[in-house]
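Report on the following structure.
The values are calculated or read from the model by the stated rules, or taken from the named source; none is laboratory data. Small disclaimer: the values here were computed from a predicted structure and weren't measured. Cβ coordinates were reconstructed from backbone atoms using ideal geometry, including for glycine residues, and neighbour counts include every protein chain displayed.
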Amino acid sequence: MPRTRITDTQRAQVLSLARAGMARNRIAAATGVSTGSVTKICQQAGVAFDRAATASATAARKIDCAAARTALSIKLLARADELLEDMNATYLAYNFGGKENTYNEHLMDAPSPGDKRSLMQAATYAIRVHLDIEDHDGDGGVPAGKSLLARIAGQLGVRGPLDT
């Protein structure tokens, strides 16, 4: 694509709008000059763009992301608790298949040892991810929470990263 030479009038208009506080993308749209050229013209003239709006939007986005992580962390911890409760609940064992493609089910007093192990692994993983989120957003009080969860996990017979 051939380049078009920026006229002195366009250059003056870009600098005038930038000094007036207009954002780079709006200047480019108003003058017909590419955003890269607007940036270059302003840099060469020593004109800086006001970044207050960008900083404010970035801060707001960080707060929104932290809130979303907190909500997710709470859900993970609640799900871990549900999984641990399921280890002692009645359990519906079922299967499909066979020559006649039949369905069979049986209500058991508790999950099988293999299913209990799977529930424990899923709960442990949910707790680990919860702790990772807490570490990311934490205020330094997480080690005490890790210690408590490590003791609980130890009582349940779980070993791994929670033991740190």
Selection from the stretch 91-118 of residues in a helix (DSSP H, G or I) and farther than 30 Å from Glu134 by Cβ yields Pro113, Gly114
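Considering every residue within the stretch 123-142, establish whether at least one is polar (S, T, N, Q), surrounded by 13 or more Cβ atoms within 10 Å (Cβ to Cβ), at pLDDT 90 or above and not assigned by TED's automatic domain parsing to the domain that holds Ser16. Don't jump to the end; show me each part of the working.
Taking the stretch 123-142 as the starting set, the residues that turn out to be polar (S, T, N, Q) are 124.
This time we only want the ones that are surrounded by 13 or more Cβ atoms within 10 Å (Cβ to Cβ), so: 124.
If we keep only those that are at pLDDT 90 or above as well, we get 124.
Restricting the remaining residues to those that are not assigned by TED's automatic domain parsing to the domain that holds Ser16 gives 124.
Among the residues of the stretch 123-142, at least one is polar (S, T, N, Q), surrounded by 13 or more Cβ atoms within 10 Å (Cβ to Cβ), at pLDDT 90 or above and not assigned by TED's automatic domain parsing to the domain that holds Ser16, which makes the answer yes.
Does at least one position in the stretch 31-52 carry a residue that is within 25 Å of Val129 (Cβ to Cβ) and among the basic types (Lys, Arg)? Can you show your working first?
Initially, the stretch 31-52 is screened for residues within 25 Å of Val129 (Cβ to Cβ), giving none.
Within the stretch 31-52 (the criterion being within 25 Å of Val129 (Cβ to Cβ) and among the basic types (Lys, Arg)), the answer is no, since none of the residues qualifies.
This table checks each residue for (1) out of contact with any helix residue (DSSP H, G or I) (no Cβ under 7 Å at 6 or more places or on another chain); (2) under 30 Å from Ser16 (Cα atoms); (3) not assigned by TED's automatic domain parsing to the domain that holds Ala28.
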residue: Gly46; (1), (2), (3): yes, yes, no
residue: Leu83; (1), (2), (3): no, no, yes
residue: Asn88; (1), (2), (3): yes, no, yes
residue: Tyr91; (1), (2), (3): no, no, yes
Output for Cβ contacts, cut-off 6 Å, separation at least six or different chains, first residue modelled with pLDDT of 90 or more in the stretch 90-118, second of a type in the set (Val, Ile, Thr), reads Leu107/Thr90
* Asked: Does Leu84 satisfy the criteria of being in contact with a Leu (Cβ under 9 Å, 6 or more places away or on another chain) and among the aliphatic types (A, V, I, L, M)?
  -> yes
